[in-house]
Amino acid sequence: ETGVTQTPRHLVMGMTNKKSLKCEQHLGHNAMYWYKQSAKKPLELMFVYSLEERVENNSVPSRFSPECPNSSHLFLHLHTLQPEDSALYLCASSQVVGNQPQHFGDGTRLSIL
Amino acid sequence: DAKTTQPTSMDCAEGRAANLPCNHSTISGNEYVYWYRQIHSQGPQYIIHGLKNNETNEMASLIITEDRKSSTLILPHATLRDTAVYYCIVRVAFGNAGNMLTFGGGTRLMVKP
């Protein structure tokens, strides 16, 4: 138990569907992150929220839309995805400042048909 | 952030110490060294981090050379459950933009009976 919970664990969707991934942290952190891990590739940082404001967007396509309603919750809204978007999507949280590490959830395995 | 270099893969006998090296020759004075591991189908798990002194916790020891250009993660008594990909990351831990991590390919450690 890492203190970061992601739902659902697995998701299969068609290219025209709209779905959302959810992340919740119980660690009292104030920064949250979305990462993408494609097969045989390193983790790629997608979005960073610090104190509920987006501070980093690594040129992610607009078909991915993040939302951070409060410091404990993070969403990734998905629409009109492509087959190459099939991957493991990981959420993490940390304190904004200091040297304490990020803590990760176990991810959502997304498959696009 | 400083780039890290790790061997692609390593083997270790069960019960023996696993020593995982990492080169970070361009590390800056205020950059920390973090180690994570990822077991198949799970999110990355934080192991340990340090700045310049050696560190030890219940999972592992981190040995950082005096010039800080390399480090070694030591799992003192490897078990089959330590089979995973191990990531060495260097990161500045100050600022108000969160604690962003850049993952490389890591070292695939295989612990064998």
Residue that is least open to solvent (accessible area, probe 1.4 Å) [pool: residues in the range B:55-77 that are within 14 Å of chain A (Cβ to nearest Cβ) and in a loop (DSSP other than H, G, I, E, B)]: B:Ala60
Qualifying residue in the range A:97-109 (condition: within 14 Å of chain B (Cβ to nearest Cβ), in contact (Cβ under 8 Å) with a residue 12 or more places away in the chain and aliphatic (A, V, I, L, M)): no
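Would you point out which residue out of B:Lys52, B:Lys3 is within 24 Å of A:Ala92 (Cα to Cα) and part of a loop (DSSP other than H, G, I, E, B)?
Values: B:Lys52 fails: within 24 Å of A:Ala92 (Cα to Cα).
On inspection, the qualifying residue turns out to be B:Lys3.
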Those residues of the range B:11-30 which are of a type outside the set (S, T, N, Q) and either over 15 Å from B:Ser61 (Cβ atoms) or surrounded by 15 or more Cβ atoms within 10 Å (Cβ to Cβ) (or both), in sequence order: B:Asp11, B:Cys12, B:Ala13, B:Glu14, B:Gly15, B:Ala18, B:Leu20, B:Pro21, B:Cys22, B:His24, B:Ile27, B:Gly29
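How many of the residues making up the range A:16-45 are out of contact with any Leu (no Cβ under 6 Å at 6 or more places or on another chain) and under 20 Å from A:Thr80 (Cα atoms)?
The first filter runs over the range A:16-45 and keeps only residues out of contact with any Leu (no Cβ under 6 Å at 6 or more places or on another chain), leaving A:16-18, A:20, A:22, A:24-29, A:31, A:33, A:36, A:38-45.
So of that shortlist, the ones also under 20 Å from A:Thr80 (Cα atoms) come out as A:16-18, A:20, A:22, A:36, A:38.
Matching residues across the range A:16-45 total 7.
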Extreme residue, surrounded by the fewest Cβ atoms within 10 Å (Cβ to Cβ), among residues of the range A:69-91 that are modelled with pLDDT under 95 and either within 12 Å of another protein chain (Cβ to nearest Cβ) or in a loop (DSSP other than H, G, I, E, B) (or both): A:Gln82
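Given the criterion within 14 Å of another protein chain (Cβ to nearest Cβ) and either within 25 Å of A:Val96 (Cβ to Cβ) or open to solvent by 40 Å² or more (accessible area, probe 1.4 Å) (or both), identify the matching residue among B:Leu51, B:Leu80.
Details: B:Leu80 fails: within 14 Å of another protein chain (Cβ to nearest Cβ).
One residue alone meets the criteria, B:Leu51.
The values are calculated or read from the model by the stated rules, or taken from the named source; none is laboratory data. Computed from a prediction, not measured in an experiment: that's the story for all the values here. As a convention, Cβ positions derive from the backbone with ideal geometry for all residues, glycine included, and neighbour counts pool all protein chains shown. Side chains included, ligands, DNA and RNA excluded: accessible areas come from the protein's heavy atoms. Shrake-Rupley method; radii C 1.70, N 1.55, O 1.52, S 1.80 Å.
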